[in-house]
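A.B. asks: Sharing a structure here in structure tokens format.
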Amino acid sequence: MIDARGLTHRYPDGTEAISGVDLSIDAGERVAVVGANGSGKSTLGLALGGLIDPTAGTVEYFGETTDAEAVRERLGVLLQDPEDYLFNPTVREDVEYGPAQLGLDREATDRRVERIAAALGLEDLLDRPPFRLSGGEKQRAAVASVLSFAPDALLLDEPLGAVDARYRERILDLLADHDGATVVFTPSTDLAPVVADRVVVVARDGSIAADGPAREVLTDRALLDAHGLVPPVAVRLFEEIDDDPPLTVEAARRRLADDSR
């Protein structure tokens, strides 16, 4: 789906945000990219999404092209600021925008908008101007606008950052049901094993420090310490008493429930 080789980006002030990144993402993979603040996670997302030109290296999309604009309708990119995606008079028009660009008829567009709005709890907000939404509501509306055109690959930079806990599960369920590759950019190692089976660690110099199964990466205390990260809370709770700690709070709950029987 996405294949980056030697990807490097240097900003005009000379800061090299990402350095020599090789990263391949196959169809259907769920990949969490984690790293310390300032490690270049967001820049990597911009470069993979074709929103900035790399200083060096290439990104190939779907085994077809290195031109992101040529496959823009297949590539969903969500950056940290939801307001970048909310530019129409109403939330409904923002969510309709993608399907309209794809030429879907009105009936099909309405069905898609209603389905996504219901899944994300936006039904009562569809006719509201985006500037009147709360931060979490804007985040949900932005997620809806990206999912509405059903891209083959998703690049999401902290999609749950401002979302209330009650809606996080809804977004995660939508992503789980979405066919194709999903790249989740998140600073939270607690969230990483919930959304992904594979975890990529970005070092402070913008290179890839590790890339492997979530369990292997997120239980490697030395690796995480070296890159300014902490293991998921469940791992921290169990690592002193169990050589096979659960990765998520839900898994820890099940483990404790089983042990008490």
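Taken together, the values in this text are just the output of simple stated rules run on the coordinates, not laboratory data. Owing to the predicted nature of the structure, the values given are computational and were not obtained by experimental measurement. Virtual Cβ from ideal backbone geometry, glycine too; neighbours counted across all protein chains shown.
A.B. asks: As an exercise, identify the chymotrypsin sites (Phe, Trp or Tyr not before Pro) in the stretch 3-94 lying in DSSP coil whose Cβ has no more than 11 other Cβ atoms within 10 Å. Let's see the in-between values first.
C.D. replies: Working: sites: Tyr61, Phe62, Tyr85, Phe87; in loops: Phe62, Phe87.
Answer in residue order: Phe87.
A.B. asks: Considering every Cα-Cα pair within the stretch 142-239, what fraction, in whole percent, is farther apart than 17 Å? Before the final figure, lay out each step's value.
C.D. replies: Values: 2565 of 4753 pairs.
That tail contains 54 percent of the Cα-Cα pairs.
A.B. asks: Treating only the Cα positions of the chain as identical point scatterers, give the base-10 log of I(q)/I(0) from the Debye formula at each q in 0.15 Å⁻¹.
C.D. replies: Normalising to I(0) and taking log10 leaves -1.11.
A.B. asks: Could you sort the peptides 91-103, 40-52 by per-residue average Cβ neighbour count (10 Å cutoff), highest mean leading? Walk me through the numbers before you get to the answer.
C.D. replies: On the way: 91-103: 18.8, 40-52: 22.2.
Output ranking for 91-103, 40-52: 40-52, 91-103.
A.B. asks: List the DSSP H helices in the chain whose Cα atoms stretch 15 Å or more along the helix axis and whose mean Kyte-Doolittle hydropathy is at least -1.0. Don't jump to the answer; show the numbers that get you there.
C.D. replies: Numbers: long enough: 91-101 (16 Å, -1.05); 106-119 (20 Å, -0.95); 135-147 (18 Å, 0.05); 165-177 (19 Å, -0.45); 249-260 (16 Å, -0.95).
Helix filter hits for the chain: 106-119, 135-147, 165-177, 249-260.
A.B. asks: Antiparallel DSSP bridges in the stretch 107-261: what percent, to the nearest 5?
C.D. replies: On the way: 5 of 10 bridges.
Expressed as a percentage, antiparallel bridges in the stretch 107-261 total about 50.
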